[in-house]
1. What number of residues within the range 3-23 are touching a residue at least 60 places away in the same chain (Cβ under 8 Å) and within 26 Å of residue 224 (Cβ to Cβ)?
2. Restricting the search to the range 282-309, which residues are basic (Lys, Arg) and under 15 Å from residue 21 (Cα atoms)?
3. Which one is surrounded by the fewest Cβ atoms within 10 Å (Cβ to Cβ) among residues in the range 14-49 that are within 14 Å of the chain's Cα centre (by Cα) and closer than 14 Å to residue 73 by Cα?
4. Can you tell which of 268, 201, 247 is of a type outside the set (Asp, Glu), in the same structural domain as residue 67 (by TED's automatic domain parsing) and farther than 30 Å from residue 161 by Cβ?
5. What pairs can you find where one residue is in the range 180-194 and closer than 17 Å to residue 352 by Cα, the other is modelled with pLDDT of 80 or more and hydrophobic (A, V, I, L, M, F, W, C), and their Cβ atoms are less than 8 Å apart, with a gap of 6+ or different chains?
6. Across the range 321-345, what is the number of residues that are touching a helix residue (DSSP H, G or I) at 6+ places or on another chain (Cβ under 7 Å) and among the hydroxyl-bearing types (Ser, Thr, Tyr)?
7. Within the range 237-323, which helices (runs of 4 or more DSSP H) (wholly inside it) include 1 or more residues that are under 24 Å from the mean Cα position of the chain (by Cα)?
Amino acid sequence: MVIARYPPPWFSVAPMMEWTDNHYRTMARLISKHAWLYTEMIAAETIVYQKGNLDRFLAFSPEQHPIVLQIGGNNLENIAKATQLANPYGYDEINFNCGCPSPKVAGHGCFGVRLMLDPKFVAEAMSVIAANTDVPVSVKCRIGVEDHDSYNELCDFIYKVSSQSPTKHFIIHSRKALLNGISPAENRTIPPLKYEYYYALVRDFPHLRFTINGGINTVDEVNAAIKEGAHGVMVGRSAYHNPWNLLGHVDSAIYGEPPSNLTRRQVLEKYQVYGDSVLGKYGQRPNVREVIRPLLGLFHAEPGNSRWKRKADAAFMHCTTIKSFFEETLFTIPDCVLDSPVAEAPSGCTDMFTKSKNLLPQQYRVREEELLYADF
């Protein structure tokens, strides 16, 4: 149903806590019409306990389609209720978080990436989600957790979840997670990337769909991954910190659309209308700083960028509208930057996936004990 309405998810922006909020997604959609957007992870308990205030957490504009809701949790009853409460908002897919290594989530909360150690529960959760929605469901996970990082263990997880639930789409962050002693930021850099695990999954589970995630920063790298057989590519922080030079090329370089000739000034004019319409919608929130935050990477590496950010810091102290904020700060950015369409896409490393495909682990074979748990 989703594929018929929208282009395939060849490119998606990763769910990022406190980053991929409604403000960021509004800006992202102004730049790219086809990128698939994900919400921040929203705990099932938050949705259930905020039943009378759901718009604040779940509402989005129709322009944000295609959009995926990511939920997290470890209580099947709350997961079911959260799915039911989210249905009226019309998300295009519901994704379950099995990849977040934050101590708040994987530690005390006992969900996120820690759930990879309990594939039976994940399968139950996915069955519950699927039973309470009409849209596709998916899982976002890592390639392993702590010492449970062999390719066979990853395959066991994929096999159990996919055979015991309707899950047919997995987003694979190609690093394992370390839960003891390192931060979420370090979990994005210290464990080595193993793209060979991802491509081996594509080989060994031809009936499933896999999206690759982790360490991919440019459109060149996205296309290189797809050329080597990736079903889709998810990009995180590069899409946030440098949205113009990444998202600005998605529609043309990945989806084959003609160049749009869109300019930053046009994006800002439309974003101003949105921003001023939402300020103070929930009492004191959102404020000018929160609405402007996704724009802070819009002039990445451009003349005037540093001065603009300094002016922004001062303007946050007293500006009460997005219009007044722009009037006080945008003069620092040259007209040639504001009025130029997207330039040539930054180049990236394009051979890393070819090299990884030369390192594929041995083909996965389902063990007899795993077959006993399969639900065909």
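The values are calculated or read from the model by the stated rules, or taken from the named source; none is laboratory data. If you're wondering where the values come from, they're calculated on a predicted model, not measured in any experiment. Note that we place each Cβ from the backbone using ideal geometry, even for glycine, and neighbour counts take in every protein chain shown.
1. 13
2. Once the filter is applied, which keeps residues that are basic (Lys, Arg) and under 15 Å from residue 21 (Cα atoms), the range 282-309 yields 285, 289, 293.
3. 40
4. Working: 268 fails: in the same structural domain as residue 67 (by TED's automatic domain parsing); 201 fails: farther than 30 Å from residue 161 by Cβ.
Result of the check over 268, 201, 247: 247.
5. 191/177; 191/178; 194/143
6. 3
7. Those helices (runs of 4 or more DSSP H) span 237-241, 243-249, 264-278, 288-292.
Okay, residues lined up against (1) under 24 Å from residue 192 (Cα atoms); (2) crowded, with 21+ Cβ neighbours inside 10 Å; (3) in contact with a His (Cβ under 9 Å, 6 or more places away or on another chain); (4) not polar (S, T, N, Q):
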residue: 119; (1), (2), (3), (4): yes, yes, no, yes
residue: 122; (1), (2), (3), (4): no, yes, no, yes
residue: 126; (1), (2), (3), (4): no, yes, no, yes
residue: 135; (1), (2), (3), (4): no, no, no, yes
residue: 148; (1), (2), (3), (4): yes, no, no, yes
residue: 155; (1), (2), (3), (4): yes, yes, no, yes
residue: 158; (1), (2), (3), (4): yes, yes, no, yes
residue: 163; (1), (2), (3), (4): no, no, no, no
residue: 179; (1), (2), (3), (4): yes, no, no, yes
